[in-house]
Each structure stands twice: as C-alpha cells, then as structure tokens.
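Working notes, structure below.
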C-alpha cells in the first residue's frame, strides 16, 4: 500500500522551471505541485512574498474563466530551493499550468515559464521578466522560454535563446499539449553599427542635444571631445551661465558606440528602475541632486542592498552639478567607484558588488557666489569663504579627474562651431583605433598593464613627462591619467604614436 501511495504521488507531481531575482542576479526556482487527499485548499510554500501568495486568487479566477473544475483535493505548490526568498507576480503562469495540466501526460522539460495572469486568463508582462531572463542567459542556465506576447519585443533582443509566446492561459495550455512546439529566434537590433573583429557596435545619429547650441567655449568643447573619445572623467569650472551643464548634458550623445552586451545591460538597469526599455544605443545619464543622500547615490537599504545612482550609471554618465555642495561623505565615498570601477555594499544578510565603469562629469563655480573668474561682476566672497568652498573637494578625489576645464566668460561675439554629429564622427574614428589595437577597455579605463602596452613614449616625450611630474608634483595616478589622455588625443589626431604636442595638451588639462 505504501509503495502504491508513493507511486501515485510521483505520477501526480509536476515540475516547471521559473526564476526569481536575488538582488541583481537571477536564481532558478523549480515550481513543484501535487494534489493530495485532504480538505480542499490551495497553498504555496517556499519563502514566497505577498505578491506570490496573492497569485492564488489570480490563478483561481483565470482557471475558472476556462471552466476548469478544481478537484476536491488539496493543491500544494512548493518553490524550491525553500531557503531562497522569492518575489514577483511572474510566477502566476507556472502555477496555473501546473494545476491545469496536473492530470495530463505533459512534460515541461527545460522550458522556463514567466507571466502574470489577469483575472480573465490574459498573460501580462512584468518589469522583472527581462532582467531575470537576461541574467539566466549570461549564466548559461536557459535555452528556451515561454513568455507573454507583450514581452516578446524586449526578450527577442537577447541572443542565444528560443522564445515561445502566449497571449492567454488557454494558449499556454495548448502550447504544452501540442507536441510540435514552435519557437522563434532572437532579432537583430535595427540600428546602424560598425563591425570590428566580428563584433558589432551600435550607434544612433539622433542628437537630441547638440553641441552646435553651445556658442564659444572652444576649449570646453575640445575637452568634451577628448572625454567622450576615451571615457575620461572631466570637471568643468566657470561662472554661472557659462555653459557647464550644457556641455555636460551633450557629452552623452557623442559617446562611443555600444556593444550588444552594453545595450542589454542598460536595458536591464532601466527595467529594474521601472523605466521604459527602448534598446536605443544611447548610454545612461544619471544626474542626482546635490541634496541626495549617500544610500540613494551608492545604494543600500536595511533588508537588502538596492542599486544607487553610481550603479545605474554603469557604462554611461554620472553627472554631479554643483559638485562642492554634495555631502562630504558622498564626495569621499566617490573615490572607490572612480578608481576601482566597483562599489561593494555590505549588509548583515547580503554582500553585493556593483560595477561602476562610467564617465564622471562634475561642474562647479569657482567660488560660493560664482563671480571669482568674472571680469564684469564683483566677487562677494572673502578669502576664508573661498578656501572653505575649495576645501570641500579633497586632493585624492580631484586626482581622479582626468580633465580640468576652466570655462570662458560668455561674450556676445561667441558663435557656434562644431556640431555633435561632427564630434561623434571623430569619436567613432578614435573608438575604432582603440578596438583595432585589441584594447578591451577604452583609454580612460585602462589598467597599468595596458598603459605600459599602449601608451609607450619616445625618449623626448619621456623626459617631458618626467619634468612635468617634478614641476607640478604629480602622483603616479596623475601620471597615468596624463598618459591615458595623451593616448586619446593621439587617437583623435589619427596618430599611432604619442607625440610631444599630444602630451603637452594632456598636461594642460591637469588641475594645478
């Protein structure tokens, strides 16, 4: 009798694959279901949060719309592993299928199932489906998936996956009953691209903000071009209204082309941040207000480590306007992400590391009133106030800035010059040179080994750099910043070697 009971239990068990997002990485969850002899009921076990517990009512309503008759048995659904916290309404479809097909001889196999159910049986998209599937693909844990029809446009951009879609619970049931299951392949992005060593890099010619609108400020435009070409950190200093923020906001649109992995990562961050996903090859731009708290910028939370602005800016731009007005704790905490390109958040229950490889842009006034550099307006600040204002930015922090630009005063004689389209063409050529050399990272993010390999100097240039290091008291970090910047200037000038003029220009951008 015991053997018969065990045999019957195995026959009645169904297993469907789903997943949950554990902070920023997806974890596979097996949805097990059984019907047992007991008082009729429907229970979900396995550390399920409120959104999952509420799915019982959604599943019941969706199945009732198909005239499904619940058996007089207890339905138990277990989410394995049981010690992993699960969240998200995308589990609904797997629950409904496991109940509806419990008595059917259907094998779910390696197909992952995602979708939220409406009360009428319609399958809906959720914000978590895309980042979960993308994470599973990166882990090589998923090959085939069943998703809502409205999720297809997003999921079809993810490579190396076969996709099936359903618009309703009825269609999903028929899909698994049908032995001839049809899957669709991922689609290519419909944007222009350049191909280097068999890898595609996408870009857009749509410049929402154009450098042509910035009149005068030729030095700032040149520095912006260098910063964009090599992803170098840059600081703009100048009087109010001289165009600091204008330049900062336009750099985003002339940044180098993006690989598919970078575009997908941007889309994942947008999805987690509950923003619309468009897969446009334009890098993220994050601009927190100077009153923002430290956790909002670097991430945190009492129960789990949530993403902050520095993590959301990965592969894009982080812009700090009114730089000295940020909290001292925020400014000093910025050192690690600017140097190591990562931020580690430790909590009692979790330790999470986020990548922070972004282009950092800062803008500031020369003094509290902003008129220190003005030849027209009088500065109202005392020497003590100016010194206190400057002391808010420590030397170790400023040493991490590649380019320091002092903006010119505005003049009625200023005229437009280069457009963003012209600047982007130069950035693109410099990008191709960097990639064709075999660089994994752009010049501004090279490590010490790459600097030795790609930033070699002749004897005259070596002596010049040595003299500059002694004269200006440069740190080793400062010397490396100059070499990286000089390499980018050489790429812009289409030069294979770093020449004296390139090195002199790079030195001129160092803060002294």
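The values are calculated or read from the model by the stated rules, or taken from the named source; none is laboratory data. Every value quoted in this text rests on a predicted model; they were computed, and no experiment measured them. Every residue, glycine as well, gets a Cβ built from its backbone with ideal geometry; the counts of neighbours run over all protein chains shown.
Take the conditions (1) closer than 28 Å to residue 146 by Cβ; (2) in contact (Cβ under 8 Å) with a residue 12 or more places away in the chain; residue 231 misses just one of them, which is (1). Within the range 455-504, the set of residues being part of a loop (DSSP other than H, G, I, E, B) and either touching a strand residue (DSSP E or B) at 6+ places or on another chain (Cβ under 7 Å) or touching a residue at least 12 places away in the same chain (Cβ under 8 Å) (or both) comprises 455, 456, 457, 458, 474, 475, 494, 497, 498, 499. Taking the range 400-423 as the range and being surrounded by fewer than 14 Cβ atoms within 10 Å (Cβ to Cβ) and touching a helix residue (DSSP H, G or I) at 6+ places or on another chain (Cβ under 6 Å) as the test, only 416 passes.
The residues on offer are 91, 112, 108, and the sole one that is in contact with a strand residue (DSSP E or B) (Cβ under 6 Å, 6 or more places away or on another chain), crowded, with 18+ Cβ neighbours inside 10 Å and modelled with pLDDT under 95 is 108. From the list 193, 201, the lone residue that is buried (at least 19 other Cβ atoms within 10 Å of the Cβ), over 30 Å from residue 92 (Cβ atoms) and modelled with pLDDT of 95 or more is 201. A residue that is more than 41 Å from the chain's Cα centre (by Cα) and modelled with pLDDT under 95 occurs nowhere in the range 15-31. Within the range 170-188, one or more residues are outside the structural domain of residue 487 (by TED's automatic domain parsing), farther than 19 Å from residue 19 by Cα, in contact with a helix residue (DSSP H, G or I) (Cβ under 9 Å, 6 or more places away or on another chain) and in a strand (DSSP E or B).
Which ranges mark the strands (runs of 3 or more DSSP E) fully within the range 304-375 that have 1 or more residues being more than 24 Å from residue 282 (Cβ to Cβ)?
342-346, 351-355, 359-364
One residue alone among 82, 61, 98 is part of a helix (DSSP H, G or I) and closer than 18 Å to residue 28 by Cβ, and that residue is 98. Scanning the range 431-454 for residues that are touching a strand residue (DSSP E or B) at 6+ places or on another chain (Cβ under 7 Å) and surrounded by fewer than 13 Cβ atoms within 10 Å (Cβ to Cβ) returns a single hit, 436.
Summed over the range 208-249, the residues that are over 19 Å from residue 415 (Cβ atoms) and part of a loop (DSSP other than H, G, I, E, B) give a count of 6.
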